[in-house]
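Student: One structure, as structure tokens, below. Some questions next.
We did not get these values from a lab; they are worked out from the coordinates using the rules stated. The model shown is predicted, which means the values in this text are computed figures rather than measured ones. All Cβ positions, even for glycine, are placed from backbone atoms using ideal geometry, and neighbour counts span all protein chains on display.
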Amino acid sequence: MTAPEEMACQVCLSPLNTLGVPPTYVHPIQLATDGHEPVPVPVRQLDTVQRRCDFCGDPYPTWTLVGGEIAAVAIGAAGGLVQNFGQAWAACATCQTYIDDGRNDKVVDRAVQALGLGNRPEARERIEQLHLAFLNVRVSGRTLITTTAWPATPIAARDLPKVRDRLTRFYRGRDNLPFAFASNDVRQQIADGLDRSRMYWIDDDFTDLGEYAAEKLPDVAVGRNLTPSTDGLLVWSRPVTRRQITAASWTVTGDGWHLVTYRTIGGGLHGTPLQRLREQVGWLAPMHAGHVHEQHLLPGGHPAATLVAAWLLIGQQAAQITTADLDKAVRKTYARTNRPAPEVRVVRIRAGRDTTPPSRRSTPAGPERPTNNRFWVSGHWRNQPYGPGRTLRRPVYINPFLRGPDDAPIKLSTTVRMLKSHKPKPEDHD
Ligand SMILES: [Zn+2]
Ligand SMILES: [Zn+2]
């Protein structure tokens, strides 16, 4: 028998409890909402779910564990915990560390503290019973929760080989992944592809440009001519778009590609839980995976559209690509295992080139134009013919570049700043 599909509310992204048969979906009782009616959607359709650790209430659950069925439990009088746990529990990285180390008492401490039940030994006992009822019949194995909105962890270009290798190891390991990643074949293919991958690190300005361009990307027919390398891993300098994607990989298959988007995990953790997570999972958690065929028409709103926009911008020479300096230690590690030295390509906006159509090259009107800064010109995509007989169409980003002296600092235009989801960074000083 398969369990009923887990649902969450599309408005507040909170997992929903079920009542009765056929099921009615309700917000968890302890959840403070603005009074909206729950809008149930299957969890598998959401990139992000506002789940909490079922042991301690931590807002960054990391693993799903399967154990004893706990239907409903109430603890405490006022503002206590009322929850419908089911047989799958979410565990945060800290609770998981204690569970792995056999320190269930520490897990109970966290729950007692979170519920403010410090001086009530009987409440502590009840929580312990509840945890043990689940853990004593726990099934071995665990599934990485890929829908938790972790605070961002910046990844530097020089760290990419390490980040890539940990991700590869995770794909080959025994911890489970949900949904589209479930098949071992797919995981193996993606891991092999990552081993072969070219690594790209997108700098701050190119990330700004790419995010802005990605939001407007039209439908694109994905073809071999679009990808900058056969297999690749691409990391942006910060999370991009409302999906908060930080990285993406593409793996060539016989008839297309596996495209995977990733978020960073572990932000805000410290000590042993952070170390374990880095060792056992790494820095990246897959958010969305799909297989697309050659010449598949990828809709502009697709999760991988941000990746496709980056391919196109790199392919149309908007990018200046240099090689990152890597630590000696990394090169030595690779040499020891007979792997070729890893190369990380750093993608920046190409300097000294203006592809503005000639008709627009005249100085724009307006006396307020700054002359000592470069500034963004908001661009747009245009489908251009290419290929044999110019029968194919490919979007080309028009006006993606900066105007102003090449060596001048880049000033963010109003247009781009409005679309940015983070604070504008301070300007560079010479
Ligand atoms: Zn809701
Ligand atoms: Zn926890």
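Student: Quick one: which residues, 5 or more positions from residue 175 or on another chain, have an amide H under 5 Å from its amide H? H modelled 1.01 Å from N in the peptide plane, none for Pro or chain starts.
Tutor: Amide H to amide H, under 5 Å and 5 or more residues apart or across chains, residue 175 pairs with nothing.
Student: When the chain is fully extended, how far beyond the present Cα-Cα distance does residue 336 get from residue 275, taking 0.36 nm per residue of separation? Don't jump to the answer; show the numbers that get you there.
Tutor: On the way: separation 61, 0.36 × 61 = 21.96 nm, distance 2.41 nm.
Gain on stretching residue 336 to residue 275: 19.5 nm.
Student: Using amide H atoms built 1.01 Å from N in the peptide plane, name the residues 5+ places from residue 200, or on other chains, whose amide H lies under 5 Å from its own.
Tutor: Distant-sequence amide H within range of residue 200: 233, 234, 235, 345.
Student: Follow-up question, since we're still on this one. Name the long-range amide H neighbours of residue 87: under 5 Å, sequence gap of 5 or more, or other chain; modelled H, no Pro or chain starts.
Tutor: 70
Student: So what is the relative contact order of region 157-361, in percent, for Cα pairs below 8 Å that sit 6 or more residues apart?
Tutor: Details: 338 pairs, mean separation 55.5, N = 205.
So the answer I get is 27 percent.
Student: What's the FRET efficiency of residue 137 with residue 386 using the Cβ-Cβ distance as r and R₀ = 56 Å, to the nearest 0.05?
Tutor: My answer for the efficiency is 0.40.
Student: Moving on to the next point. If neighbour count is taken as other Cβ atoms inside 10 Å, put 155, 265, 321 in order from fewest to most.
Tutor: On the way: 155 20, 265 24, 321 12.
Fewest-to-most Cβ neighbours within 10 Å comes out as 321, 155, 265.
Student: Tell me, what ³J(HN,Hα) does each residue in region 246-262 have, in order and in whole Hz, if you take phi through Karplus 6.51 cos²θ - 1.76 cosθ + 1.60 with θ = phi - 60° and put x for Gly and Pro?
Tutor: 10, 8, 8, 10, 10, 10, 6, 10, x, 10, x, 9, 8, 10, 10, 9, 10
Student: Then there's this: With the crude spin-label approximation of a point 7 Å out along Cα→Cβ, what separation in nm comes out for residue 196 versus residue 175?
Tutor: With each label point 7 Å from Cα toward Cβ, the separation is 2.7 nm.
Student: If R0 is 41 Å, what FRET efficiency do you get for residue 114 and residue 188 from their C-beta distance, rounded to 0.05? All intermediate terms of the calculation are to be shown ahead of the outcome.
Tutor: Values: r = 40 Å, r/R0 = 0.97.
In this case the efficiency is close to 0.55.
Student: Where the only charges are on Cβ atoms (+1 Lys, Arg; -1 Asp, Glu), what is the dipole of region 157-361 about its Cα centre, to the nearest 20 debye? Please report the intermediate quantities before stating the final value.
Tutor: Numbers: 29 positive and 21 negative charges, 116 e Å.
Dipole magnitude for region 157-361 comes out near 560 debye.
Student: Okay, next question. Grab the alpha carbons of region 210-301, take their convex hull, and tell me the volume per residue in Å³. Can you show the working numbers first?
Tutor: Numbers: hull volume 10.2 nm³, N = 92.
Enclosed volume per residue, from the Cα hull, is 111 Å³.
Student: For region 315-325, what does the Karplus curve 6.51 cos²θ - 1.76 cosθ + 1.60, with θ = phi - 60°, yield as ³J(HN,Hα) per residue in whole Hz, taken in order and with x for Gly and Pro?
Tutor: x, 8, 6, 6, 9, 10, 10, 10, 9, 6, 6
Student: Work out from phi, with θ = phi - 60° and the Karplus expression 6.51 cos²θ - 1.76 cosθ + 1.60, the ³J(HN,Hα) of each residue of region 233-242, listed in order in whole Hz, and give x for Gly and Pro.
Tutor: My calculation for region 233-242 gives 10, 10, 10, 8, 6, 7, x, 10, 6, 4 Hz in order.
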